[in-house]
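The values are calculated or read from the model by the stated rules, or taken from the named source; none is laboratory data. The structure presented is a predicted model; accordingly, all values stated were derived computationally and were not measured. Glycine gets a Cβ as well: all are built from the backbone with ideal geometry, and neighbour counts include every protein chain shown. Protein only, heavy atoms only, side chains kept; ligands, DNA and RNA dropped before computing areas. Shrake-Rupley method; radii C 1.70, N 1.55, O 1.52, S 1.80 Å.
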Amino acid sequence: QRRVHGIRMLRTLLIGLLLALTLGRTGFDASAGPFGVNNMKCLRRNGYSFAIFRAYQQIGRVDPNVVANMRAAFAGGIKDVGGYIYPCVRCNDPARQVIRTAKALRGLPYNTIWLDVERQGWNLRNKVGNRHFLTAMFNEAPKHGKAVGIYTSSAEWSQIVGNDWTAGARFQLWWPRWDGRPNLNNFRPFAGWRRCVIKQYSANKVVCGVGIDVNFKH
């Protein structure tokens, strides 16, 4: 009887694991703030289980709200938290931007630093220069004890550095596709990435008083 009970327990656990892998989780990213603990508690109650906050601004400084936003998320029950760097390309100090971000977030239990690679701000006529810039960030980012990922799409990546450049594929991919579908089914490989870990599937929502983009991950 104990053996039967054990088998049933194991079966239940396996079913739960498979459902979790199939259903995935909903989260959000945000670039404003500062947000309060009550905002984060409300988002958590509404099913948002991970958060990614802007940590570095394109104007060339650490986001002044990122520390408060991360602390509010942790206090509000959201434990899976990351930050993203929107590079200041004209500032021409890629490694220092990573260092400044990591220093500002030191001591916070966030898990991932994401590098946001979108067309705005880049010289699209200088793919070689853009590759050098990103290479400096890629070399620096892993030195700070956090996982590293890249936010980009095939269209953005191809215009900035070319889809024949696969140097970013050693990092996990956060992929924007605003189709309203919370799944990874329609991802198509590019630039060495065979899969994405997060899909940003909806943008410019206001939930619990917070302006967010909505994301899905397994």
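None of GLY24, GLY76 is on the phi > 0 side of the Ramachandran plot and buried (at least 16 other Cβ atoms within 10 Å of the Cβ) except GLY24. Of all residues in segment 29-42, those that are open to solvent by less than 40 Å² (accessible area, probe 1.4 Å) and over 17 Å from the mean Cα position of the chain (by Cα) total 5. Within segment 92-110, the set of residues being open to solvent by less than 60 Å² (accessible area, probe 1.4 Å), closer than 17 Å to ILE59 by Cβ and either among the aromatic types (Phe, Trp, Tyr) or part of a helix (DSSP H, G or I) (or both) comprises PRO94, GLN97, VAL98, THR101, ALA104. Across segment 111-139, the qualifying residues are those that are open to solvent by 20 Å² or more (accessible area, probe 1.4 Å) and part of a helix (DSSP H, G or I), and the one among them that is nearest to ARG90 (Cα to Cα) is GLY129.
The helices (runs of 4 or more DSSP H) found wholly in segment 1-81 and carrying at least 2 residues that are modelled with pLDDT under 95 and more than 16 Å from ASN215 (Cα to Cα) occupy 2-23. Among the residues of segment 51-66, those that are under 18 Å from MET40 (Cα atoms) and buried (at least 20 other Cβ atoms within 10 Å of the Cβ) comprise ALA51, ILE52, PHE53, ARG54, ALA55, VAL66. Can you name every residue in segment 79-91 that is surrounded by 14 or more Cβ atoms within 10 Å (Cβ to Cβ) and more than 25 Å from ARG25 (Cα to Cα)? Of everything in segment 79-91, those that are surrounded by 14 or more Cβ atoms within 10 Å (Cβ to Cβ) and more than 25 Å from ARG25 (Cα to Cα) turn out to be PRO87, CYS88, VAL89, CYS91. When PRO142 is tested against (1) in contact (Cβ under 8 Å) with a residue 12 or more places away in the chain; (2) under 17 Å from the mean Cα position of the chain (by Cα), only condition (1) is not met.
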